[in-house]
Amino acid sequence: MKTIPSLLVGWLTASTSLFAQAPWSGVLMQKGIAAVTCGAPAQDPTGTPISAGNAFTFGLFDVRNPSPSDYGPCQNVFPPTPVTTPIWYAADYHDPTWNARDLGNVFGIAIDDNGQMYTGAHGLYGTYQPLHHRYGNIGGGAASLSAAGTVYRIDKTTGLPTVYCVIPNQQPMTLSTPTFVSGPGLGNLTFDADHNQFFVTSLEDGKIYRVAAGGMTGTVLNSHDPLAPDSGNPGMPSRDDRLWAVEYHEGEVYYSVWHDGSPGNPSEIRKVGLDGSGNFVPSLDVHVAYVPGQAGWAASSPVVDLTFSLDGQTMVAGVRTMATDTRAYNHASGTHLLELVSGSWTPTHFQRTGCNNPDGEGYGGVALGMEGGTQDAVVWTSSADMVANYGPHGLFGVRLSDVPVNGMAVNSWKVPYIAGFANMPMDDRKGSGGDIEILREEACAQIEVREIHCPEEAGSPYTVDLIIDHNLTSTTVNYLQFKPCPTSSLPAGSSTVQPGPAGIVTLSPPLPANTPYPISVTLPASPMGGMVYFKVKLLNETGVECCLETVCVDLPPCDCAEILDTRIDCEPDPATGLNKYTLTFTVQNQTHLSGSPFTFSGATFLPPSGFDQSSIVLSPASIAPGTTGTVSICYYGVPGALCFNLAVHDGTEENCCALTDICLDLPPCDGHTDPEPDTCALARRIPCCPETGTAVVDFTVCNNSAVPRTYSWSFTSTPTVSCPIMLDPSDLSPAAGFIGPVPAFGCMTVSIVVRCDKFQEPGSCANLELCADPGMGLPVVCCSTVIYLPSPDEPVVKLSDPTGDGPIGLTPGEKRELTFKVQNPTDSELPVSLQFFSENGMLAVGEERFEAVLAPQSSQEVVVPITRRDNGDQSPQWTELQVIGKVLHRPLAYLPVQLLDGDRSKALPKVKKIDTIPLPSATVQLDIQTLPGRYYRVEESSDMLGEWSTTECTVTDGGYANGVFLGNGGVVNCSVPCDELEKKMFYRVVRID
């Protein structure tokens, strides 16, 4: 059982401070420095009293360059067990006046754009020691209501604290003992650089106060009371009207409502908009999100601090445990991450800070800090019990990428409020943590590493593809310059180089704001890889530097080998009851890039479990430096993930190198080589026949399994702007039914008659999707078509064969004559000019053109010989014979052709058929689900066999340039222009990471 700990925080004296050491020798507050508040202690671990003048409540920590070696696990030890996990004693500093006597207890912190620091008086620290609710003499004294509402300004150079402003309306209340009867104090504060002002929450009246910034003092301008009006009574309002956290972000003020912080009444985040002058707009006060509540013994668990990532996609919310409404505690609190998903803030991760308590040890302060010069890389929180059941308390840092979905971090940086914990494991070196604020530098450009290419020859550089996107809204970038970083600024184990191209790069045309610009640079680095830093300088037309950003690239090692391709073949092994997987790797020997090239003659797989042999001799040939060969081995196991290391070596095994952490996804293996899903086919557009007033739809379903299947089929009809008609069950005959049993590797067709009564205007149409469900949890297969009413001045083209408009099956090399009926539905002569062609060249068409003048209400047949050109290898399962009206430039018919295997008369399931949108639309509409801050490219191919090329695409809300657009976290609508008469085009979306 835990005991109530003594309260001890940063009690360094002037003689032990680090003022004489960097970075405290000049300006105290610099980019990346953390300002920290904490509760005031009254005695040291030996029980010796600490006077109010030596009990420090505000301090600075230099957490700019955390070392990876100090990133360690939670040990969860109990004294006197020695502490072995790393503890980082980051350089710290406090001014002699930052104590409980002069400054008093403070919690919230803000830093303005000049680096000046501000902190607000606070009376709700835990009742561990008698100083926990003391207000500072600079603000008026321990029991002063003015001191309870004071915002202090702390000079960034001298460290001197002064009264900046006093938030009004503090009313006397008993905080713990009669000695400290005063107001509850302030919640948190934030700086608004856009309007040069502060916002402060008051715990007494549930209001947000707006304070003008500038100079040595600030003026309270007005306030916003978002919930129930303040009663004016002493003490805090109800929890449902009590505010704490506050943070300015992109023209809005986000704040937290205390509530209970429990699962039944979770803490809430709201926001209020501002007008052009920065004043509140009460009508724009709305709910943002609920932070998941935390169960436990605590009276309440409110959100007390908020911060946003520089890209605006992540919100960090810190939770603080309250044993009572006026007494904070450390257990049962953690840190939440909320992500901007489709325009809504959504809780996605929960960090259980500290080491012991299953719900976390957080004090609620949160900030985002740097690692290796990269901002927003680390989530810093104020935390208790970071190593052991008895401490230390301090700053708990976890890489943003390592924050768990719901759990305790595997590793963290642990910065105690007080040095020396590891040397005195029996000490109960705990503090009462408060807020954290880190001065950050707004990025003027986002530079993403898209792809890294290894050197091609010894001594050649790496090639790195970048995307540069700056946000200098009033500046156009005309030039780029790539430069190395100062070596003094580099993290341990990293390096810097002069990237190429050297000199000034002229941009033509110049680059406006928020427009992605792709460019490749070369890095003359060692083929062994590693972290490499360099700077990118953006210049305007006058050559004045307008942006300078640091780029970090983790270069992969290229001095061993690279796997270029992997093939997995599978067959059941009755002897073992497992699957036998034959793994074949195409491997390039890259030792020619190292100082000691050697030929690969053998390979070893580790761990060896499951492989038929752990070491193999490469056969039929070894792989010389710079060349490519294959490595093949058998593995016995079950479907799923397989991870291993591969060491390659020469015949003597004296020279070797390794490829580590290779992971494969082994597929199921059921004894046959056709794992493709079932498929279906429909004509892409089906006209309503003038003679019958109906359309006949032939829906073909192919069973690609080794057993017969029966499918239940049904339809849906979805109106769109281009095809607004919706078909009902009464319009289809039949409207549902069964297909089958369809034989193994066979196909069956059902004919459906569609009534065209609803099609009144020529060109009107309806979308029709037909789906076949094989049951047993197997995937449903769906195909779609468009039913349309032909224009009175165009011919109607129908296949006259008894098979109707369904697929025609052709084996490799087979020739067949198809008879089409061409009808003139008009009351006058109709000149007809038709062209027949194959959509992807799979069919040779003997009669490519047909021209005639048809008499009124007459028809004529035309025989079209077609021949399948391919030999059955690597062919798609479906193709199409298309009929285009050359005079009217309209598609008149699409005939699906099923390509059959000549030996087994079954469809080849190599490539699935992809349908474009119904013509005659002028564009292809793509709805693309995107991730925020990631770049995407749309590519096209006419046959999916050759190279894919970048296509032009019109993106909703713009943002498309040089073939790339930026994701927004939701669905992006992309319109691709197309020509009715061009071949079918296939499209894919590539995410650029």
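The values are calculated or read from the model by the stated rules, or taken from the named source; none is laboratory data. These numbers come from a predicted model, not from an experiment. Every residue, glycine among them, receives a Cβ derived from its backbone with ideal geometry; neighbour counts consider all protein chains shown.
If you go through the range 115-154 and keep only what is closer than 21 Å to residue 328 by Cβ, among the β-branched types (Val, Ile, Thr) and outside any loop (DSSP other than H, G, I, E, B), you end up with 119, 150, 151. Any chance the range 528-550 includes a residue that's surrounded by fewer than 20 Cβ atoms within 10 Å (Cβ to Cβ), touching a residue at least 40 places away in the same chain (Cβ under 8 Å) and more than 30 Å from residue 476 (Cα to Cα)? Yes: one or more hits.
Quick check on residue 50: is it in contact with a strand residue (DSSP E or B) (Cβ under 9 Å, 6 or more places away or on another chain), surrounded by fewer than 23 Cβ atoms within 10 Å (Cβ to Cβ), of a type in the set (Val, Ile, Thr) and modelled with pLDDT of 95 or more? Spelling it out, it is not the case that residue 50 is in contact with a strand residue (DSSP E or B) (Cβ under 9 Å, 6 or more places away or on another chain), surrounded by fewer than 23 Cβ atoms within 10 Å (Cβ to Cβ), of a type in the set (Val, Ile, Thr) and modelled with pLDDT of 95 or more.
From 538, 548, 511, 564, grab the single residue that is closer than 30 Å to residue 632 by Cβ, under 30 Å from the mean Cα position of the chain (by Cα) and not polar (S, T, N, Q).
Details: 538 fails: closer than 30 Å to residue 632 by Cβ; 548 fails: closer than 30 Å to residue 632 by Cβ; 511 fails: closer than 30 Å to residue 632 by Cβ.
Only one candidate qualifies: 564.
Every residue in the range 559-599 that is among the acidic types (Asp, Glu) and in a strand (DSSP E or B), please. Show your work before the answer.
First pass over the range 559-599, keeping only residues among the acidic types (Asp, Glu): 559, 562, 565, 569, 571, 573.
562, 565, 569, 571, 573, listed by residue number.
State whether the residues of the range 558-570 include one that is closer than 30 Å to residue 626 by Cα, among the small types (Gly, Ala, Ser) and in contact with a Gly (Cβ under 8 Å, 6 or more places away or on another chain).
no
Residue count for the range 940-952 under the criterion of being at pLDDT 75 or above and farther than 12 Å from residue 986 by Cβ: the result is 1.
Can you confirm whether the range 249-262 contains a residue that is charged (D, E, K, R), in contact (Cβ under 8 Å) with a residue 40 or more places away in the chain and under 25 Å from residue 324 (Cα atoms)? Before you say what the answer is, go through the steps one by one.
Residues of the range 249-262 charged (D, E, K, R): 250, 252, 260.
From what is left, the residues that are in contact (Cβ under 8 Å) with a residue 40 or more places away in the chain are 250, 260.
Those still in the list that are under 25 Å from residue 324 (Cα atoms) too: 260.
Within the range 249-262, one or more residues are charged (D, E, K, R), in contact (Cβ under 8 Å) with a residue 40 or more places away in the chain and under 25 Å from residue 324 (Cα atoms).
Scanning the range 682-735 for residues that are aliphatic (A, V, I, L, M), without any contact (Cβ under 8 Å) to a residue 60 or more places away in the chain and outside any strand (DSSP E or B) turns up 706, 707, 721, 726, 735.
Just one of (1) loosely packed, with under 15 Cβ neighbours inside 10 Å; (2) part of a strand (DSSP E or B); (3) of a type in the set (S, T, N, Q) fails for residue 522. It is (1). Looking for whichever is hydrophobic (A, V, I, L, M, F, W, C), in contact with a Gly (Cβ under 7 Å, 6 or more places away or on another chain), in the same structural domain as residue 368 (by TED's automatic domain parsing) and in contact (Cβ under 8 Å) with a residue 24 or more places away in the chain here; the options are 274, 221, 306, 310. Which one fits? After ruling out the rest, the residue left standing is 274.
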